[in-house]
1. Please give the contour-minus-distance gain from residue 33 to residue 89: 0.36 nm per residue of separation, less the Cα-Cα distance, rounded to one decimal in nm.
2. Residue 107: net charge of surrounding residues, Cβ under 15 Å, Lys/Arg +1, Asp/Glu -1, itself excluded?
3. For region 1-140, what's the relative contact order in percent, using C-alpha pairs closer than 8 Å and at least 6 residues apart?
4. Compute for region 49-100: radius of gyration divided by Kirkwood radius, i.e. Rg/Rh, restricted to C-alpha atoms, rounded to two decimals.
5. Multiply the residue separation of residue 48 and residue 139 by 0.36 nm, subtract the distance between their alpha-carbon atoms, and state the gained length in nm to one decimal.
6. Give, in nm to one decimal, the length gained when the segment between residue 6 and residue 103 is fully stretched (0.36 nm per residue of separation minus the Cα-Cα distance).
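Coordinate-derived values only; no laboratory data. This is a predicted model, so every value here is computed, not measured. As a convention, Cβ positions derive from the backbone with ideal geometry for all residues, glycine included, and neighbour counts pool all protein chains shown.
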Amino acid sequence: VESGSELSLSTKHYKSGRQSLKWTWQGSSGLVFEDPAQSRTKTLTGFRAWVYNEQALDTALIFRFGTISELAANNPRYQFQFGLNFTGWRAMWIDLPRDAENSSYRGSGSGQVNAFEIDGPNNGVVFLDLMEFVEKIHWARSADSQVPFVNEERDGGRDPYYRWSQNTALGSLPGV
């Protein structure tokens, strides 16, 4: 936990069990998480999590993934932004190599991705639940307003569900 951050367990909002991780931060601040199973032999290429936001903010959390030394050198293998302009729960299912490849990564890519960090801009509070590295993410994951880059290759780069959600009504229906 960086300075300006506070972590606590909260029963106010949760998806699984009876509590979630409440993260409060002031100024630009961040968290770093390491895979608790460091002796894991299977490669983890996916990330899933739920985020609860009480106040919509026109900003984003930044997620970065790599080894601890890569993150310390500000050289993550994967990174993405998760938009905070919502209230309530939102999920993310990220296939790291397909959805979050960092084009500025410099390195051999040796060693398993075993850590991630979250950076929060300005001030904020979010509740995090069910955060986990996974071996595989389902191919049919969908983009949304928080992660519009997800599964860009689906439907020729046009995820139909996200695309349809961006449509606005042209007016009222006749006779209504």
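1. Numbers: separation 56, 0.36 × 56 = 20.16 nm, distance 2.12 nm.
Between residue 33 and residue 89, full extension yields an extra 18.0 nm.
2. Spelling it out: positives minus negatives among the neighbours equals +1.
3. On the way: 317 pairs, mean separation 53.0, N = 140.
Worked out over region 1-140, it gives 38 percent.
4. Values: Rg = 12.7 Å, Rh = 12.2 Å.
Here Rg/Rh amounts to 1.04.
5. 31.4 nm
6. Numbers: separation 97, 0.36 × 97 = 34.92 nm, distance 3.15 nm.
Gain on stretching residue 6 to residue 103: 31.8 nm.
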